[in-house]
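My structure is below; once you've seen it, I'll send some questions.
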Amino acid sequence: MNGFWCEEALIEADGGPTVATGVRLETQDGRIAGLTVGVTAEPGDQVLKGVVFPAAANAHSHAFHRILRGRTHDGRGDFWVWREQMYRSAGELTPEKYEKLATAVFAEMVVAGFSSVAEFHYVHHQPDGRPYAGKHGMELAVARAAMAAGIRLTLLDTLYLAGGIGAGGAAAPLSEEQVRFGDAGAHGWLERLGALRAEVSGAFPPEMVSVGAALHSVRGVPEQDLKIVADHLPADIPLHIHLSEQPAENDACRKAYGVTPAGLLARHGLLTRRLSAVHATHLTPEDIRLLGEAGSTVVMCPTTEADLADGIGPARALSDAGVTISLGTDQHAVIDPWIEMRALEHGERLGSGQRGRFTPGELLAAATDGAAAAMATPVMPAALRTGAVCDLMAVAPDSVRTAGSVAQQFAFSATASDVTDVVIAGELVASDGVHRRLGKPGSLLAEALKEFS
Ligand SMILES: [Zn+2]
């Protein structure tokens, strides 16, 4: 049996998570098989210095959006201008280029302390819409990238059928740039999704790569197709959707269907415990009530929502209503679980004029087991415990940012630069910002990004 010895670690205790000293973890089959406190390291143990936290779960990612970081701020580009640039980048993807890029992006996530990612994947086909040979060329490239980086992947195969909501609910056709995102209707997508699940489960370990489902948005999936998905999507698969990210989406939805996007999902029985609504920025009190009653998850992406000027979503109100809050880095303007936690609370403070809207413990829960229902692969609880997958991040308590901070309040001082070691499935995969198999993510990214204009 392998072991890790942690100088300090955040562990589950009767009175809630607590930081203990001298914590030894025995691991077996990638899980924590034993946890003892107040002991010294045994011969052969790998020593993790600093404070060991559960690794984080990234519940919303579009890996290729990493191309856009620091490149969309000329002039006064708004969300829709950003989206045009994003489509240009999507147009340049091939399975080969995407595998290289996604490997680098996933490596960046790993060194930052993420051990799992839900990849909201919609670039399915060739630029003219024809499938790749073997049908799943792009999807398997993303899966191989995750395996190379050693990150757990929930590959959210996304249904994207329409370019927008037209008058009276008629779907606008996909634009030229969007054609490669499409499928032959909802039934065609369900068939392809089933085939992809079978292929992935045969080719990859299920605790590392599993398939989930996503609906792009109510803009991208017309009402009659929502109904087909509600009737036919297998019950055991997580389902994600971009929800009310922009007021324009709400306006178009109300005009066409007479209800908000959340109301439209409720109409078809799609607001459930297995649903993860991404962003949920512009909600009515009734939307919040519906999501809470359903026990759905909301994936807040605070750094993306700030970068894109989306607005501040009602995270506290959602949580109070019964929604589980999780976090995602979405377009990767920032890949840093600590900054994402902090930005969630900062948004609340700026919006409400009050401090302490989320406790540090709640922020850590949002970055970890808040994503449990959103993922098809295992997620760490908010504190270490026996039986959990052994996904860990050690954080330096003596950096210029963290020195003097109480470890349980690192959400307000640490950054990914303070993450010293990352363990996934019981394997040490990154140390001091370097991926142990792949090297420096910065070099991988620079190399991969050369292939894009
Ligand atoms: Zn997104």
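Write out, first by first residue and then by second, each pair whose Cβ atoms fall under 6 Å of each other, whose residues are 6+ apart or on separate chains, and whose first residue, in the stretch 92-103, is more than 19 Å from GLU177 (Cα to Cα) and in the same structural domain as GLN331 (by TED's automatic domain parsing) while the second is surrounded by fewer than 21 Cβ atoms within 10 Å (Cβ to Cβ) and basic (Lys, Arg).
GLU99/ARG144
Do we have ALA198 as assigned by TED's automatic domain parsing to the domain that holds SER89, surrounded by fewer than 23 Cβ atoms within 10 Å (Cβ to Cβ) and without any contact (Cβ under 8 Å) to a residue 60 or more places away in the chain here?
Details: assigned by TED's automatic domain parsing to the domain that holds SER89: yes; surrounded by fewer than 23 Cβ atoms within 10 Å (Cβ to Cβ): yes; without any contact (Cβ under 8 Å) to a residue 60 or more places away in the chain: yes.
So ALA198 fits the description; yes.
Looking only at the stretch 337-368, which residues are surrounded by fewer than 23 Cβ atoms within 10 Å (Cβ to Cβ) and in contact (Cβ under 8 Å) with a residue 60 or more places away in the chain?
Correct list: ILE339, ARG342, GLY361.
Quick grid of which residues meet (1) away from the ligand (no atom under 16 Å from the Cβ); (2) touching a Pro at 6+ places or on another chain (Cβ under 9 Å):
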| residue | (1), (2) |
| --- | --- |
| ARG66 | no, no |
| ASP78 | yes, no |
| GLN85 | no, no |
| PRO95 | yes, no |
| VAL111 | yes, yes |
| HIS125 | yes, yes |
| ARG130 | yes, no |
| GLY134 | yes, no |
| LEU140 | yes, yes |
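If LEU233 satisfies every condition in (1) in contact with a helix residue (DSSP H, G or I) (Cβ under 6 Å, 6 or more places away or on another chain); (2) more than 22 Å from ALA366 (Cβ to Cβ) but one, which is the exception?
For LEU233, the failing item is (1).
A follow-up question, please. Of all residues in the stretch 308-332 being touching a Gly at 6+ places or on another chain (Cβ under 8 Å) and within 16 Å of the ligand (Cβ to nearest atom), which is farthest from PHE106 (Cα to Cα)?
GLY313
Moving on to the next point. Could you list all residues from the stretch 245-256 that are within 17 Å of GLY166 (Cα to Cα) and within 16 Å of the ligand (Cβ to nearest atom)? Give the steps one after another, and end with the answer.
Taking the stretch 245-256 and keeping what is within 17 Å of GLY166 (Cα to Cα), we get 246-256.
The answer is GLN246, ALA248, GLU249.
This table checks each residue for (1) without any contact (Cβ under 8 Å) to a residue 60 or more places away in the chain; (2) crowded, with 23+ Cβ neighbours inside 10 Å; (3) among the basic types (Lys, Arg).
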| position | (1), (2), (3) |
| --- | --- |
| THR386 | no, no, no |
| ALA394 | no, yes, no |
| PHE412 | no, no, no |
| THR415 | no, no, no |
| VAL434 | no, no, no |
| LYS440 | yes, no, yes |
| GLU447 | no, no, no |
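Count, please, the residues in the stretch 291-307 that happen to be surrounded by 24 or more Cβ atoms within 10 Å (Cβ to Cβ) and more than 16 Å from the ligand (Cβ to nearest atom).
2
Restricting to the stretch 49-64, and then to whatever is within 13 Å of ALA366 (Cα to Cα) and aliphatic (A, V, I, L, M), can you tell me which residue is farthest from the ligand (Cβ to nearest atom)? Please lay out each step first, then the result.
Within the stretch 49-64, the subset within 13 Å of ALA366 (Cα to Cα) is 54-60.
Pick out the ones that are also aliphatic (A, V, I, L, M) and you get 55-57, 59.
Values: ALA55: 22, ALA56: 18, ALA57: 16, ALA59: 11 Å.
The extreme case among them is ALA55.
Considering only residues that are among the small types (Gly, Ala, Ser) and surrounded by fewer than 22 Cβ atoms within 10 Å (Cβ to Cβ), look in the stretch 257-290 and name the one that is farthest from the ligand (Cβ to nearest atom).
To start, the set of residues in the stretch 257-290 that are among the small types (Gly, Ala, Ser) comprises 258, 262-263, 266, 269, 276-277, 280.
Those still in the list that are surrounded by fewer than 22 Cβ atoms within 10 Å (Cβ to Cβ) too: 258, 263, 266, 269.
Numbers: GLY258: 26, GLY263: 21, ALA266: 21, GLY269: 23 Å.
Taking the candidates together, the pick is GLY258.
Also, I was wondering about something else. Which of the residues that make up the stretch 220-236 are buried (at least 18 other Cβ atoms within 10 Å of the Cβ) and part of a loop (DSSP other than H, G, I, E, B)?
GLY220, VAL221, PRO222, LEU233
Look at SER217 and say whether it is touching a strand residue (DSSP E or B) at 6+ places or on another chain (Cβ under 9 Å), part of a strand (DSSP E or B), in the same structural domain as ALA146 (by TED's automatic domain parsing) and within 16 Å of the ligand (Cβ to nearest atom). Spell out how you get there, then give the answer.
On the way: touching a strand residue (DSSP E or B) at 6+ places or on another chain (Cβ under 9 Å): yes; part of a strand (DSSP E or B): no; in the same structural domain as ALA146 (by TED's automatic domain parsing): yes; within 16 Å of the ligand (Cβ to nearest atom): yes.
No: the conditions fail for SER217.
Evaluate the following for SER210: is it assigned to a strand (DSSP E or B) and either buried (at least 22 other Cβ atoms within 10 Å of the Cβ) or away from the ligand (no atom under 15 Å from the Cβ) (or both)?
Working: assigned to a strand (DSSP E or B): yes; either buried (at least 22 other Cβ atoms within 10 Å of the Cβ) or away from the ligand (no atom under 15 Å from the Cβ) (or both): yes.
Answer is yes for this residue.
The values are calculated or read from the model by the stated rules, or taken from the named source; none is laboratory data. Because the structure is a prediction, the values reported are computed rather than measured. Glycine also receives a Cβ, built like all others from the backbone with ideal geometry; neighbour counts cover every protein chain displayed.
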